[in-house]
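What follows is a single structure, written as structure tokens, with notes after it.
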Amino acid sequence: MASAAIDVTKAAPDQSWRETLDIADLETVAEAPDLRVVRLTLGPDDIVQWHWHTHIADHFICVKGEIQVETRAPKALHTLMPGQEIVVLAKTAHQVTNLTDGDSQFLIIQGVGEYDFNEVGGDG
């Protein structure tokens with residue numbers, strides 16, 4: 001009995017969002033069509049630029065160092081140390097900055113829903 005081939009190119013989630021980030025390291029821990037867990041490492045001058053997501057929330061968990069998650073509408077600054085976390089809701093513009101002279105690392109749980117990365121222009 002011959003088995004049917006599976007077309008993995010259609011099932012694999014879109015990875016083009018990785019090209020928008022210029023950071024020390026990014027590791028996908030788990031990914032499904034509507035949920036992803038990613039570990040990001042920011043070097044001393046690294047920033048995840050202003051962006052927002054149409055359908056998903058970002059659940060940030062600081063693992064190492066110190067990061068700042070800044071949001072617009074509502075405008076707020078959130079400083080996270082290891083073990084601290086925050087959720088940024090869908091359609092909320094945000095950026096993430098490393099506040100240390102070394103590497104900082106955090107996990108993001110993103111979902112549930114279709115992922116997109118919408119860049120925001122300007123810096124305020």
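In region 33-119, what percentage of the DSSP-assigned beta bridges are antiparallel, given to the nearest 5?
100
Using 0.36 nm per residue, how much length does the chain from residue 54 to residue 76 gain when fully extended, once their Cα-Cα distance is taken away?
Extending this stretch completely gives an extra 6.0 nm.
If you project the alpha carbons of region 33-119 onto their three principal axes, what span does each projection cover, largest first, in Å?
Computed over region 33-119, the largest-to-smallest principal extents equal 34, 26, 20 Å.
How much length is gained on full extension from residue 89 to residue 64, taking 0.36 nm per residue of separation minus their Cα-Cα distance?
Using 0.36 nm per residue and subtracting the Cα-Cα distance, I get 6.7 nm.
Using unit Cβ charges (K, R positive; D, E negative) and no other charged atoms, how large, in debye to the nearest 20, is the dipole of region 33-119 about its Cα centre?
220
Could you work out how much longer the chain between residue 45 and residue 103 gets when fully extended? Use 0.36 nm per residue separation minus the Cα distance between them, nm to one decimal.
Using 0.36 nm per residue and subtracting the Cα-Cα distance, I get 20.0 nm.
Values quoted throughout were computed directly from the atomic coordinates according to the rules given, and no laboratory measurement underlies them. Note that this is a predicted model, so its numbers are computed, not measured. Counting neighbours? That spans all protein chains shown, and the Cβs are built from the backbone with ideal geometry, glycine included.
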